[in-house]
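One structure below.
The values are calculated or read from the model by the stated rules, or taken from the named source; none is laboratory data. Computed from a predicted structure; not experimentally measured. Methodologically, a virtual Cβ is constructed for each residue, glycine included, from the backbone with ideal geometry; neighbour enumeration extends over all protein chains shown. To get the accessible areas, we keep the full protein, side chains included, count just its heavy atoms, and leave off ligands, DNA and RNA. Shrake-Rupley method; radii C 1.70, N 1.55, O 1.52, S 1.80 Å.
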Amino acid sequence: MAEEQLSELLQIRRDKLTQLQEQGQDPFHITKYEPTHTAQQILENYDALEGKSVTVAGRIMSDRGMGKVSFRDLQDRTGRIQIYMRRDDVEEAMYEAYRRYDIGDLVGIHGTVFRTKRGEISVRAEQATLLSKSLRPLPEKFHGLTSTELRYRQRYVDLIMNEETRKTFQLRSRFISYLREFLDHRGFIEVETPVLNTISGGATARPFITHHNTLNISMYLRIATELHLKRLIVGGLERVYEIGRIFRNEGMDTKHNPEFTTVELYQAYTDYEGMMDLFEEFLSSAAQRLLGTYQVTWQGEEIDLTPGWRRLTMAQAVQEYLGADFMAIENDPDCDEKAVSLAKSLGVDMENVEPTWGHALYECFDQKVEEKLIQPTFITMHPVDVSPLAKRSPADPKLTERFELFICHSEMGNAFSELNDPIDQRERFVKQMELREKGDEEAGMMDEDFLNALEYGMPPTGGLGIGIDRCVMLLTGSDSIRDVILFPTMKPLDKDKTEKGETKAEEKPVPSPPLEGKVAAPEALTDEVEPIDFSNVVIEPLFQDQVDFEIFSKSDFRAVKVLDCEAVKKSKKLLKFTLDDGSGTPRTILSGIHAYYEPEELIGKTCIAIVNLPPRPMMGIDSCGMLISAVHKEGEEEKLHLLMVDPHIPAGAKLY
């Protein structure tokens, strides 16, 4: 949509509003309107309501005027109902005013319920009231709001236009309501704990840091609710849970958002097996309650949530899927060295990983096995090295009574038999502090008050954390966490300008969706470019060695479309790209450009890649090709730009 065309439509609507205001009919002066029925109630109770008077309110979504008769669809929170108004049935002034209403306007309708000659249940309008004027046109009706990024940035328009979006968030609300019902029925009480903390603890994650002006101290947005909830177990509440936002200053991709919602629950006098039973019962019953079935489709896989989920120890899973028996070497004097060697022989990247038996076992699972778990599977008995808050197994002190649930290679929840030994807990905190001093920003901190609480005595306790966003993704078949968070974190459109130190960022307008009855014009490729200062740029000298043309000509440069992009776990540099190269088979390429781009901003882009390089293992993942970037220096600072080209170039187009 050309800017001048949009401006013209906006002006027309503003002129209509001005005219109404001049006539003393300003819709924004209306403070209350009381509908008697919703669209759904009328449709479901037609026999009882036929011929009866009703009052409905909602947004005009379509207009099918036919001379003296007007057919419009009105949408409220429950769905749509057709509004029928006939010129001969109402005053002429009302009919003319009604006909000037635009698609997107919010209106109240009073009339009678009837069925048209074509059999459609409708409301025969006797009176219409404009409740709010829409000054901006809605997207055109056939394509709706299809731009993924625009849907996330303008969720309000997405909710107006896409019924599936509304259903997703309605189901999310019902899921959380059922969660409360499930836990309350079992004697749990809901509590609230601080979002701002003086210590970052309860998980291994990099926190957001803020500053409390009055106290003049740094504070951390919580990365977990665990340590405060366990204090309440010490205090005798015995069964507690909290549903709330968690904040982690980490990568963004289809499964991760910097702020997300979890439920953490703790139950005295049970263990991780009790938590396993509870989790399985809850999630399977939620599917049955909300969907009416145990069968769901997620990420292209048919998932069966029927109770009786598989349970494997981590070592059993690694042996089953990789053929490596870590338990056979666990008690060897040089088990650490053997375990690291075994992991490397399986193609596991052990760089920057503590060289211990426990870490090697975990990395084998994390890098090679997790991706193979499709049906619901509990992975139990995690190494103590990676479980600083879980109780050691009495049968094997190198392992902990801990599980994670995986469905469709995604972690859905994490649970322990909680560590209640204050001496052991202090030793693990010390270990975490040592890792933090070595530069591990995700390692935990010493929490003296929590240790003080444990010294008063905490009963044997089972604890469970569930990712609510991922559960909703599963039940709605959503591929991205952004599809189940109303307002996901997005990079500001004016970020580049603000980073250059301008005193006032000049807003870059969000692109408008196609308007009603119009087709959107392609984005102009000749946008005005602000002047660029190249005076401080340092370019690497050109190579002097000549490359044999025959060898160079064998390099296959292709246009590729970014289908998905996510941060590689345990890597601060690597992004994992899933690419459409025109072959019909998605291609995976890893690129160390995370310092310059967030994954979410690259999805949907068209890039250039060399596609005939041999696979190269990186962090346990085969990278099949190379994305092309432009690199230079400005002073001592290295700059990088991923080469992105015209989106009209199809995937697989060959470069010459």
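Compute the helix-to-body angle for 335-345: its Cα long axis versus the longest principal axis of the chain, expressed 0 to 90° and rounded to tens. Around 50 degrees separate the two axes.
Radius of gyration (Cα atoms) of region 199-284, expressed as a multiple of 2.2 N^0.38 Å: 1.29. Taking packing as the residue-averaged number of other Cβ atoms within 10 angstrom, the listed peptides 374-385, 547-558 run from highest to lowest as 374-385, 547-558. Would you mind telling me the share, in percent, of accessible area of the chain contributed by carbon and sulfur at probe 1.4 angstrom? Ligands and nucleic acids excluded, carbon and sulfur reach 50 percent. Pairwise Cα separations in the chain fall into 20 Å bins from 0 onward with the following percentages, short to long: 14, 41, 33, 11, 0. Projecting the Cα atoms of 46, 326, 405 onto the charge dipole of the chain, computed from C-beta unit charges around the Cα centre, puts 46 farthest toward the positive end. Is the C-alpha gyration tensor of region 194-351 telling us rounded, prolate or oblate? Criteria: a/c under 1.5 is rounded; beyond that, a/b larger than b/c is prolate, otherwise oblate. Oblate, since a/c reaches 1.5 and b/c is not below a/b. With 27 Å as the limit, the listed pairs 391/569; 230/372; 32/491; 230/344; 372/576 have 230/372; 32/491; 230/344 beyond it between alpha carbons. Mean separation of Cα pairs under 8 Å and 6 or more residues apart, divided by the residue count, gives region 238-306 a relative contact order of 23 percent. When +1 charges are put on Lys and Arg Cβ atoms and -1 charges on Asp and Glu Cβ atoms, the dipole computed for the chain relative to its Cα centre reaches about 2300 debye. Restricting the calculation to Cα atoms, region 63-211 shows an Rg/Rh of 1.17 when the hydrodynamic-style radius is the Kirkwood one.
Taking the square roots of 5 times each eigenvalue of the Cα gyration tensor of region 162-229, largest first, gives ellipsoid semi-axes of 31, 19, 11 Å.
If you look at the Cα atoms of region 330-391, you get an Rg and a Dmax of 12.2, 37 Å.
Run the numbers on the chain and let me know its relative contact order in percent, using alpha-carbon pairs under 8 Å that are six or more apart. Relative CO of the chain lands at 11 percent. Between the residues 97, 30, 128, the greatest Cα displacement towards the positive end of the dipole of region 1-154, with unit charges on the Cβ of Lys, Arg, Asp and Glu, is found for 128. Using alpha-carbon positions, what is the distance between the centroids of region 101-175 and region 436-496, in Å? Their Cα centres are 36 Å away from one another.
Candidate cross-link partners of residue 438 among the aspartates and glutamates, defined by an alpha-carbon separation under 12 Å and a same-chain spacing of 8 or more, comprise 354.
In terms of Cα atoms, the Rg and Dmax of region 77-128 work out to 11.4, 31 Å.
Annotation: per residue accessible area for the chain equals 52 Å², rounded to a whole number [probe 1.4 Å, protein chains only]. Each other residue within a Cβ distance under 13 Å of residue 633 adds +1 if Lys or Arg and -1 if Asp or Glu, for a net charge of -4. Within straight-line reach of residue 68, meaning a Cα separation under 14 Å, sit the following aspartates and glutamates at least 8 residues removed in sequence or on another chain: 88, 89, 91, 92, 96.
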